[in-house]
Amino acid sequence: MAQKLSKEQKKAMIQKAEEERAKHPKQKNGVSGFETIDEDAKKLSNN
(Lines give C-alpha, C1' and ligand atoms only; values in the text may rest on other atoms or scores of the structure.)
Protein backbone atom coordinates (compact mmCIF):
# COMPACT_ATOMS: atom_id res chain seq x y z
CA MET A 1 0.00 0.00 0.00
CA ALA A 2 1.22 3.50 -0.78
CA GLN A 3 2.49 5.56 2.10
CA LYS A 4 0.52 8.61 3.18
CA LEU A 5 1.79 11.89 1.81
CA SER A 6 1.97 14.98 3.94
CA LYS A 7 -0.01 18.07 2.97
CA GLU A 8 3.22 19.76 1.89
CA GLN A 9 4.13 16.84 -0.37
CA LYS A 10 0.67 16.85 -1.94
CA LYS A 11 0.81 20.60 -2.53
CA ALA A 12 4.25 20.29 -4.14
CA MET A 13 3.05 17.49 -6.44
CA ILE A 14 -0.07 19.43 -7.44
CA GLN A 15 1.95 22.58 -8.11
CA LYS A 16 4.45 20.64 -10.24
CA ALA A 17 1.64 19.02 -12.25
CA GLU A 18 -0.07 22.37 -12.80
CA GLU A 19 3.20 23.90 -14.03
CA GLU A 20 3.69 21.02 -16.48
CA ARG A 21 0.14 21.48 -17.80
CA ALA A 22 0.77 25.21 -18.26
CA LYS A 23 3.95 24.48 -20.25
CA HIS A 24 2.28 21.84 -22.40
CA PRO A 25 -1.39 22.71 -22.94
CA LYS A 26 -3.52 19.84 -24.10
CA GLN A 27 -4.67 20.07 -27.69
CA LYS A 28 -8.43 19.99 -28.05
CA ASN A 29 -8.82 18.15 -31.34
CA GLY A 30 -11.64 15.84 -30.25
CA VAL A 31 -9.46 12.74 -30.48
CA SER A 32 -9.27 10.43 -27.48
CA GLY A 33 -5.98 9.73 -25.76
CA PHE A 34 -5.78 6.19 -27.06
CA GLU A 35 -6.35 7.32 -30.64
CA THR A 36 -3.52 9.82 -30.27
CA ILE A 37 -1.25 7.09 -28.89
CA ASP A 38 -2.15 4.83 -31.82
CA GLU A 39 -1.36 7.59 -34.32
CA ASP A 40 1.98 8.26 -32.64
CA ALA A 41 2.80 4.56 -32.69
CA LYS A 42 2.08 4.38 -36.43
CA LYS A 43 4.33 7.40 -37.07
CA LEU A 44 7.14 5.87 -35.04
CA SER A 45 6.83 2.44 -36.66
CA ASN A 46 7.03 3.99 -40.14
CA ASN A 47 10.41 5.59 -39.39
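Tabulated results
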{"read-out": "Matching entry among E35, E39, E19 (being assigned to a helix (DSSP H, G or I) and modelled with pLDDT of 85 or more)", "value": "E19"}
{"read-out": "Subset of region 1-16 that is aliphatic (A, V, I, L, M) and in a helix (DSSP H, G or I) - its residue that is farthest from the chain's Cα centre (by Cα)", "value": "A12"}
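The values are calculated or read from the model by the stated rules, or taken from the named source; none is laboratory data. Just so it is clear, the model here is predicted, and its values are computed rather than measured.
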